[in-house]
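To keep things clear, I will list the structure first and then write my remarks on it.
The values are calculated or read from the model by the stated rules, or taken from the named source; none is laboratory data. Not measured: the values here are computed from a predicted model. Positions of Cβ are backbone-derived with ideal geometry, glycine not excepted, and every protein chain shown enters the neighbour counts. Areas reflect the complete protein model, heavy atoms only, side chains present, ligands, DNA and RNA absent. Shrake-Rupley method; radii C 1.70, N 1.55, O 1.52, S 1.80 Å.
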There are 4 protein chains.
Amino acid sequence: MRIGVLTSGGDCPGLNAVIRSVVHRSVVDHGDEVIGFHDGWRGLLECDYRKLDLDAVSGILARGGTILGSSRVQPAHLRDGVERARGHVADLGLDAIIPIGGEGTLKAANLLSQAGLPIVGVPKTIDNDIASTDVTFGFDTAVGVATEALDRLKTTAESHQRVMVVEVMGRHTGWIALHSGMAAGAHAIVVPERPFDIDELTAIVGERFSAGKRFAIVVVAEGAKPRAGSMDFQDGGTDQYGHERFAGIGNLLAVELERRLGKEARPVILGHVQRGGTPTAYDRVLATRFGWHAVEAAHRGEFGMLTALRGTEIEMVPLADAVQTLKTVPAERYAEAQNVL
Amino acid sequence: MRIGVLTSGGDCPGLNAVIRSVVHRSVVDHGDEVIGFHDGWRGLLECDYRKLDLDAVSGILARGGTILGSSRVQPAHLRDGVERARGHVADLGLDAIIPIGGEGTLKAANLLSQAGLPIVGVPKTIDNDIASTDVTFGFDTAVGVATEALDRLKTTAESHQRVMVVEVMGRHTGWIALHSGMAAGAHAIVVPERPFDIDELTAIVGERFSAGKRFAIVVVAEGAKPRAGSMDFQDGGTDQYGHERFAGIGNLLAVELERRLGKEARPVILGHVQRGGTPTAYDRVLATRFGWHAVEAAHRGEFGMLTALRGTEIEMVPLADAVQTLKTVPAERYAEAQNVL
Amino acid sequence: MRIGVLTSGGDCPGLNAVIRSVVHRSVVDHGDEVIGFHDGWRGLLECDYRKLDLDAVSGILARGGTILGSSRVQPAHLRDGVERARGHVADLGLDAIIPIGGEGTLKAANLLSQAGLPIVGVPKTIDNDIASTDVTFGFDTAVGVATEALDRLKTTAESHQRVMVVEVMGRHTGWIALHSGMAAGAHAIVVPERPFDIDELTAIVGERFSAGKRFAIVVVAEGAKPRAGSMDFQDGGTDQYGHERFAGIGNLLAVELERRLGKEARPVILGHVQRGGTPTAYDRVLATRFGWHAVEAAHRGEFGMLTALRGTEIEMVPLADAVQTLKTVPAERYAEAQNVL
Amino acid sequence: MRIGVLTSGGDCPGLNAVIRSVVHRSVVDHGDEVIGFHDGWRGLLECDYRKLDLDAVSGILARGGTILGSSRVQPAHLRDGVERARGHVADLGLDAIIPIGGEGTLKAANLLSQAGLPIVGVPKTIDNDIASTDVTFGFDTAVGVATEALDRLKTTAESHQRVMVVEVMGRHTGWIALHSGMAAGAHAIVVPERPFDIDELTAIVGERFSAGKRFAIVVVAEGAKPRAGSMDFQDGGTDQYGHERFAGIGNLLAVELERRLGKEARPVILGHVQRGGTPTAYDRVLATRFGWHAVEAAHRGEFGMLTALRGTEIEMVPLADAVQTLKTVPAERYAEAQNVL
């Protein structure tokens, strides 16, 4: 069999572990050939690739990033390229393509699959917002990095009697905020799923101080928004070159809480450290299993499918289902954490 | 409601997170009273306890160990103490008891439950061998510690052309060995579920060297045993005081592989570092959820049950089922890793 | 002997280790009594303190923050309070005061010392800018946190062909930028000691891309400034409440480099995570030694002095000397790193 | 200029950072050529080497081990090979050789230097026992790994009322034991420099329990020995193949303390994890500086010298001096730690 693999979308710890696992399983166990396309879909569209043998994936299991490079997919661009992709697949004699990516990538994968290309997808997102799978690799690492930062910030907040407002990733969903907030014992967790009321948030934090506590930790997902009318939400405007300023909800909340509470509040924007670097053991195992099962699905001819964790098992689920809805934090999960707004 | 909580058995990262969660949920949200028994079942049998309020659990979420202390349970001793326990529960006016522990603890819990005491169990073991739950807290931390050690050892092995034989925990099951071995890319994984053949293991490692590789990493669970007749398995004997020597399967394998391969082999016995210290974010979240759901079950009057992770949900399962069989590594999981013997 | 200890200024990993060491050495070995003033100089001025015995410092060695609390010193306020401080010292029968703090704290300490109070200072700053000592505790932890973040960001930068601009702490000196930049192999390091030329910086980064490299890491100290005339340095202005916007040099450089290079550039502002949380082993040892030697100096009656690391030895140096100049990065240190602007 | 570099002796975090720094400084800044000999002195004696350009050292700064491989030096073997080495140096047109290694390596380096070869040594040992330099790289990483393990073990010891006996590296000197013991707040530290009295050690640990404490941590360097007559020091004997058993002082002390105190005592032998894996930021900076200054010394023609850290400066010291004595822990350093025997 001849398999093409590519990584697409934002960085995510575990990408290399999937690539390595695909190569190990297919080359060693099945005697397949594997090629890797460069920079995601671009590589497929421009037929830019290299051969991946055992040496090519030696030592990459624990390394962050992707040895194949990545790029953000432009859906329209890909739509126009379906025939070109089909041609390259035929020319290269590929029996299967394994794209590893997030929501956008999987939508593109579904498009190609519906056009008849032999696709087995592997879901990837630190945000954990893909509905078909219990968890995606990268999420555990992101939560771990955020939790370690929160652990560190807690002692400073306490010694200096401050509110720390920590902005974590999560544009549409609050999974990282919820898990890191629970893991670090945050006193308020603000998620995109629930537009927040600034009065309510102020009250929660204020009560802690009234109760004699000397500090508070607020975790806020980058995509969190105030409830309509709750807060005069002025963003950062643009600078002299027309670039948007890096205001961010974390900065805004810190300013606002300081003003309302009369306590020092400091923002910390964790940013890209959450999506880079060596994956946790959890993510390496999950990524390795995904890669293994993607190869198996290809060999069984199960195309148009996606690897998914269900309980402790890896199952194959239809690509078409996977891209329909975002997996948001369900209400009952909020109850288990303290003060999720 | 009045709830008693206790921790029993070996150390496990996340115990304090469960205790904290029980107190937060019951005291803050339900207005309950919580007491903690000291040193596991001993505290219940001797009525040795203290009140647990919010201050008592402040700052313990990320701390290893257990603020309540622990001890190993002697089943016979507990059997004789059922009436005593019942008396203390009545005297203290307890509506529920939440024991947090492993297999032995849960068996004891089941015994007390069958005797009519209001028990809600929380499963705990770094070994991950409790059948009713997908995962137990503590396991992720243990795997993380082992993986970090393996990552470190790999570079030394490579620079010095060695075989490193790393013994990880797992008396009856190979979960830690399997996951840390997969996460770190070990070249052979030896688990208790499959008695190993020393010739086969030697061949696997030897092939790497024949193929031009300069090193090999072997992960072995402490409970691994050679297949009958495969190896003259001489243990460490006893010292001058009659204590068993600390030979260990890791040491024995290193000696044996060095002799057979003619390559330097070095043992590393990770030991207790795997079960102590701050829990990973994953374990803190799982432990917190277990504590929360144990309190809810108590309030619903669901006794004789155990908290369990099933997929992404926490469910309650009968204690009686949980203690019947050990969860061993299934055959299909070996296939996903390389060279599990 | 009766000793008062206080911690003042910004948070710094190792403060608790000094406090613990002071108590251990004086209480256990000398039979002294120790009290701790709350929230830095405020505690001394308002006679707000508590007794510190062995139990009070149990378990704090590895913990970030300070159990005594801290506050920023207002020099004028303290100047007015000298007589009040003298009165409290007399009332409490203190034979020595050990203030642990940075430049501002040490200036205040020097003031009190010149007024005749028995002061032994302990230098503290993550910025490492105190001239009298080779190193201060907290610095190693800050560099470690920054380096770990840089390690993580590198893989993302490489996979996505980006410039990462990472802002680290260092208002007046570039020590953290220099060391973390060297440790992580940054491609350009921008420090406050050398106002940078934006054309030169762009050229350095641009050359990497011209040479076929796919990414670049720029480390910039928060206090770095462009050379006069080099860049139209527009800061973030103020928001609707008159608060300064959180623009920051890191954000500005990312915008500017992206515009000039035509490559994606992303800022990461590490912020307070660098000054919180558990200290490294290095900082714990140094902090412990400082505490021990401060007590010894007090017992020898060596007042008006500061503990200092010189090579491998802890020596006592005059407070008056310590506060004269900031220790900036010397020119010969730039040469050892790559591309320090 | 043409420079040869080699790494010799046991593994040590930072070796790759030195190699990288040598190549960066000499190739980029001086326009030199650099070759790397394989597996230490063996590579020089057998003329086994490869060219080291910028690509060859790309991405190795943070990686443990050595890309050049290493082997233990046999002094006699090297003595016989001096003429062979001289021949290879001439054939290869080398102007300088930079061996990176510990005591044995530096003795060999001194031998070759006295025979007229152009040697600039770089000291390397995790044990920190080379007298001419304040610190060697690798030591900080080893202390960090040991301290993290001790932090983890402390919570288990406390929860289970145990004595934990932790054996760390240090065959001849107790630097790692002293620093990790101080950093983790160990209750007794046993070092090779001071043969211990088992009664005294038992008394120190016993007093803790008498004072109501529930646990104790004992750190022991692998080279520690009981005072003559203090303890019937029976080692592990040999197994059926004549291999020495892995008894170890840590195991022996645990057995002995358990017997004498009547408290559970558990040994943990940290072993090779202390000398592998990614170096700390401290070690990377020191290693980078050593590499840079070694190249500068070569260009100045300062041969027969060794790079050394003195305070904050890197200085060159004579190789002949460096190998005369081991740097042991001085008595005044014991005083700063608690209960160093």
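As a summary of the residue check, D:Arg275 satisfies the conditions (1) touching a Cys at 6+ places or on another chain (Cβ under 8 Å); (2) over 21 Å from D:Gly144 (Cβ atoms) except for the one numbered (2). Mind listing whichever residues of the range C:1-23 are away from chain A (no Cβ under 13 Å), surrounded by 21 or more Cβ atoms within 10 Å (Cβ to Cβ) and either more than 21 Å from the chain's Cα centre (by Cα) or at pLDDT below 95 (or both)? Listed by number, the residues that qualify are C:Ile3, C:Gly4, C:Val23.
Can you find a residue in the range A:92-101 that is out of contact with any strand residue (DSSP E or B) (no Cβ under 8 Å at 6 or more places or on another chain), among the small types (Gly, Ala, Ser) and within 19 Å of A:His38 (Cα to Cα)?
No, there is no match, as no residue in the range A:92-101 is out of contact with any strand residue (DSSP E or B) (no Cβ under 8 Å at 6 or more places or on another chain), among the small types (Gly, Ala, Ser) and within 19 Å of A:His38 (Cα to Cα).
Taking the stated definitions as given, is C:Arg260 in a helix (DSSP H, G or I) and open to solvent by 50 Å² or more (accessible area, probe 1.4 Å)? The answer is yes for C:Arg260. Any residue in the range B:68-79 that is away from chain D (no Cβ under 14 Å), closer than 12 Å to B:Ala108 by Cα and open to solvent by less than 30 Å² (accessible area, probe 1.4 Å)? Yes, that holds for at least one residue. Considered as a group, the residues in the range B:175-193 that are farther than 10 Å from B:Asn339 by Cβ and touching a Gly at 6+ places or on another chain (Cβ under 8 Å) include one that is farthest from the other protein chains (Cβ to nearest Cβ), and that residue is B:Pro192.
Condition check for D:Ala85 on (1) within 30 Å of C:Glu207 (Cα to Cα); (2) outside any loop (DSSP other than H, G, I, E, B); (3) open to solvent by less than 30 Å² (accessible area, probe 1.4 Å): one failure, at (1).
The set of residues from the range A:40-54 being surrounded by 23 or more Cβ atoms within 10 Å (Cβ to Cβ) and within 18 Å of C:His160 (Cα to Cα) comprises A:Gly40, A:Trp41, A:Gly43, A:Leu44. Taking residues in the range B:88-102 that are in contact (Cβ under 8 Å) with a residue 60 or more places away in the chain, and partners anywhere that are assigned to a loop (DSSP other than H, G, I, E, B) and aliphatic (A, V, I, L, M), the pairs with Cβ atoms closer than 8 Å and at least 6 places apart or on different chains are B:Val89/B:Leu117; B:Asp95/B:Met1; B:Ala96/B:Met1; B:Ile97/B:Leu117; B:Gly101/B:Val73. If you go through the range B:273-322 and pick out every residue that is more than 14 Å from chain D (Cβ to nearest Cβ), open to solvent by less than 20 Å² (accessible area, probe 1.4 Å) and in a loop (DSSP other than H, G, I, E, B), you end up with 1.
In this entry, A:Ser70 is excluded by the filter for residues that are of a type in the set (S, T, N, Q) and within 13 Å of A:Gly291 (Cβ to Cβ).
Among the residues of the range C:133-154, is any of a type in the set (Val, Ile, Thr), within 11 Å of chain A (Cβ to nearest Cβ) and part of a helix (DSSP H, G or I)?
yes
On the given criteria, is B:Met164 touching a residue at least 40 places away in the same chain (Cβ under 8 Å), facing another protein chain (nearest Cβ under 10 Å) and in a helix (DSSP H, G or I)? Spelling it out, it is not the case that B:Met164 is touching a residue at least 40 places away in the same chain (Cβ under 8 Å), facing another protein chain (nearest Cβ under 10 Å) and in a helix (DSSP H, G or I).
In the range A:26-38 there is at least one residue that is part of a loop (DSSP other than H, G, I, E, B) and either touching a Gly at 6+ places or on another chain (Cβ under 8 Å) or surrounded by 17 or more Cβ atoms within 10 Å (Cβ to Cβ) (or both).
Restricting attention to the range D:169-226, the residues that are in a loop (DSSP other than H, G, I, E, B), under 21 Å from C:Thr278 (Cα atoms) and open to solvent by 10 Å² or more (accessible area, probe 1.4 Å) total 1.
If the condition is being hydroxyl-bearing (Ser, Thr, Tyr) and either more than 21 Å from D:Thr325 (Cβ to Cβ) or at pLDDT below 95 (or both), then the range D:93-125 contributes only D:Thr105.
Inside the range C:327-341, residues that are more than 13 Å from every other protein chain (Cβ to nearest Cβ) and surrounded by fewer than 16 Cβ atoms within 10 Å (Cβ to Cβ) make up a count of 1.
Which ones in the range A:42-54 are in a helix (DSSP H, G or I) and closer than 18 Å to A:Gly65 by Cβ? Across the range A:42-54, the qualifying residues are A:Arg42, A:Gly43. Selection over the range C:197-217 of residues that are away from every other protein chain (no Cβ under 14 Å) and within 27 Å of D:Ala287 (Cβ to Cβ) gives a count of 2.
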